[in-house]
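Quick notes on the structure that follows.
The values are calculated or read from the model by the stated rules, or taken from the named source; none is laboratory data. Here the structure is a predicted model, which is why all the values come from computation and not from measurement. A quick note on method: Cβ atoms are made from the backbone with ideal geometry, for glycine too, and the neighbour counts reach across all protein chains shown. Just the protein is used for accessible areas: all its heavy atoms, side chains included, with ligands, DNA and RNA removed. Shrake-Rupley method; radii C 1.70, N 1.55, O 1.52, S 1.80 Å.
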Amino acid sequence: MGTASTNPNVNYLTEFSGIKSWLFSLDHKRIGLMYMIAILFFFLVGGIMAMLIRLELFSPGPTLFSADTYNQVLTYHGAIMVFMVIVPGIPAILGNFFLPLQIGAADVAFPRLNLASWYVFMFGAILAFTTLFTTKIDTGWTFYTPYSIKTGTAVITIVLAAFIMGMSSILTGLNFIVTTHKLRAPGMSMFDMPLFVWSLYSTAIIQVIATPVLGITLLLLVAERVLGIGIFDPKLGGDPVLFQHFFWFYSHPAVYIMILPAMGIISELISAFSRKTIFGYKAIAFSSLGIAAVSFIVWGHHMFVSGQSEIAGVIFSFITMLVGVPTAIKMFNWLATLYKGSVSFESPMLYALGFLFLFAIGGVTGIMLATLGVDVHFHDTYFVVAHFHYVMVGGTLMAIMGGFYYWFPKMFGKMYNEGLARLTFVLIFIGFNVTFFPQFILGAMGMPRRYFDYIPAYESLNKISTIGSWMIAAGFFLALYVIIRGIISGPKAPANPWGAKTLEWQTSSPPPHFNFDKKPTVTGGPYDY
Amino acid sequence: MSEHHVMPLKTYFKVAGGLVLLTILTVVFHEMKMGALAGPVAFLIAAVKASLVLLYFMHLKYDNMTNRVIFGSGFFFLILLFAFSYVDIWTRIKSFSTL
Ligand SMILES: [Cu+2]
């Protein structure tokens, strides 16, 4: 630990300086921040694409650009937001930063591997960006065959970029699993770990097991295009639906790579701001593992109308319903934690409550879509678009924002403007519902997704939806301002501004290079209020 | 954890030689044009090669039980992938084109 950490003015941000001290840093906190800068940038680009999509749909017919351009913008939005923002988001930024802190470790188990995974991620991201902005991609983020085999656009490079970013995801997951098992502070059993750590652990298992299948699938697609091996092409004896099986074997669990860490954050926030022990600790921890396990055998619900057999459809429909059980366990445990707690409504808690509200809608509409007979009608309509935005934006993004405001004082040693932070919640929460709730109705009315045009009957709801998107954008830009102003001129943060009990709050804000001046020994649970 | 096992370089070369041999064998069998047997035979040889890599290059032969179990769990998920894909493929109602 050296002499540095005994001086209160020296922390991980100030101990070393210069660009090299960042680019070659093995400190999990600095690597987390480097991920943050990159992912914030990707989020900005993906967000601009979203705004363009909503602008185009403001009125029927060509509004801004041509149908071809629309298809590309849609692909950019999906591919960037999924592969470069929401999948890596929480584990890479907040997970990297707080997993070691929450278990009382000095760093992750493999710091060099951690840095390497940042470089691998950036390499894939740069490849993706150059492909997206120098050539054309119009397959959507799912790269479905047979179109992805036939289209003249740059499928191979974008698919390789996704492959490379997947590699980074595997390395991060591996690192987290080993860190969780091997580096816990003395006295901390698996069941003394904060629930955020449990959620990262479950996520890491999915990352390690499912991502290779995506990698193989994408390589098979490349092989199909280059060599014509005939695994997906019916003319050569292949099966185009097989691509969807392989693709969703990864991409459905990937939904839980996106949402499980978010649920972990929510557990932390609800407990901290209710000033109460989390209700049903073990139930929440095991339901994370339960979700991870069930997530591997439900993928066929994306394929109800793809030509998959009826029997497979029925089986997948039934198993998909099971996901509702562990998810509901979590919801009820959070609600029970709130009950008779001394709840306070700081901005992180507002986001957590927003999560509960929006995720409930996202989850219940998920059960509707899991119902085979109903899905035949809702499939590929705006109902599906609304559903997964409620889960991913209403769920994951709300949790990221809440987690970010919660841990901001620890990360930067500064406080932000609480009033403005609450305003960002109001803007994003209302804007989100104004944008996406009408899309449930549009979907029920039969408006198909992914089209650049629509009939006049859908116009008024589309206008409302577009206006909502402006509110969301205003909210996020305000949040960026709050964060930057907080970093530059916020008042100094105490070590534990929220009075929370997990280990990261026991060290100074921001923490020293090796996190703790003396190795913490754990005697109580993470939520002993 | 089990202590580190250092393998003699000779073993590595032997295994590598075996892998090359099996590759040649794959090509030979391919040239023999065995019809329906071609697929299974190619898969069998590939499986033997993969096991050699796992046992020697990845040291599973000298690892303790935990590592083998963790490795084996990968196969469990592979079985899930294949099994559920086949649930679809084997139960489709086939309609043959008359074109
Ligand atoms: Cu799914």
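Taking B:Ile24 as the residue in question, decide whether it is of a type outside the set (Asp, Glu) and under 30 Å from A:Val208 (Cβ atoms). No; evaluated as a whole, the condition is false for this residue. Taking segment A:514-529 as the range and being of a type outside the set (Asp, Glu) and over 27 Å from the mean Cα position of the chain (by Cα) as the test, the residues that pass are A:Phe514, A:Phe516, A:Lys518, A:Lys519, A:Pro520, A:Thr521, A:Val522, A:Thr523, A:Gly524, A:Gly525, A:Tyr529. I'd like to know if segment A:2-24 contains one or more residues that are in contact (Cβ under 8 Å) with a residue 60 or more places away in the chain, in a helix (DSSP H, G or I) and either within 26 Å of A:Ile400 (Cβ to Cβ) or under 26 Å from the mean Cα position of the chain (by Cα) (or both). No, segment A:2-24 contains no residue that is in contact (Cβ under 8 Å) with a residue 60 or more places away in the chain, in a helix (DSSP H, G or I) and either within 26 Å of A:Ile400 (Cβ to Cβ) or under 26 Å from the mean Cα position of the chain (by Cα) (or both).
Residues in segment B:8-48 that are among the basic types (Lys, Arg) and under 25 Å from B:His59 (Cα atoms): B:Lys10, B:Lys14.
With A:Tyr416, A:Tyr406 as the choices, which residue is closer than 23 Å to A:Gly89 by Cα, in contact (Cβ under 8 Å) with a residue 40 or more places away in the chain and touching a Pro at 6+ places or on another chain (Cβ under 7 Å)? Of A:Tyr416, A:Tyr406, the one residue that is closer than 23 Å to A:Gly89 by Cα, in contact (Cβ under 8 Å) with a residue 40 or more places away in the chain and touching a Pro at 6+ places or on another chain (Cβ under 7 Å) is A:Tyr406. Picking from residues in segment A:54-71 that are in a helix (DSSP H, G or I) and in contact with a helix residue (DSSP H, G or I) (Cβ under 6 Å, 6 or more places away or on another chain), the one that is most open to solvent (accessible area, probe 1.4 Å) is A:Arg54.
Close contacts from segment A:375-393, counting a first residue that is farther than 18 Å from A:Ile80 by Cβ and part of a helix (DSSP H, G or I) and a second that is among the hydroxyl-bearing types (Ser, Thr, Tyr) and open to solvent by less than 20 Å² (accessible area, probe 1.4 Å), with Cβ to Cβ under 8 Å and a gap of 6+ residues or different chains, come to A:Asp375/A:Ser317; A:Phe383/A:Thr365; A:Ala386/A:Thr365; A:His387/A:Thr365; A:Tyr390/A:Thr365.
With respect to A:Gly324, determine if the residue is within 22 Å of A:Tyr250 (Cα to Cα) and either more than 13 Å from chain B (Cβ to nearest Cβ) or in contact with a Gly (Cβ under 9 Å, 6 or more places away or on another chain) (or both).
yes
Here B:Leu22, B:Leu78, B:Leu52 are screened, and the one residue that is within 13 Å of the chain's Cα centre (by Cα), at pLDDT 85 or above and within 13 Å of chain A (Cβ to nearest Cβ) is B:Leu78. Only one of the numbered conditions (1) open to solvent by less than 30 Å² (accessible area, probe 1.4 Å); (2) assigned to a helix (DSSP H, G or I); (3) not acidic (Asp, Glu) is not met by A:Ala185, and that is (2).
Only one of A:Leu227, A:Leu218 is away from chain B (no Cβ under 14 Å), away from the ligand (no atom under 16 Å from the Cβ) and open to solvent by less than 10 Å² (accessible area, probe 1.4 Å); which?
Answer to the selection: A:Leu218.
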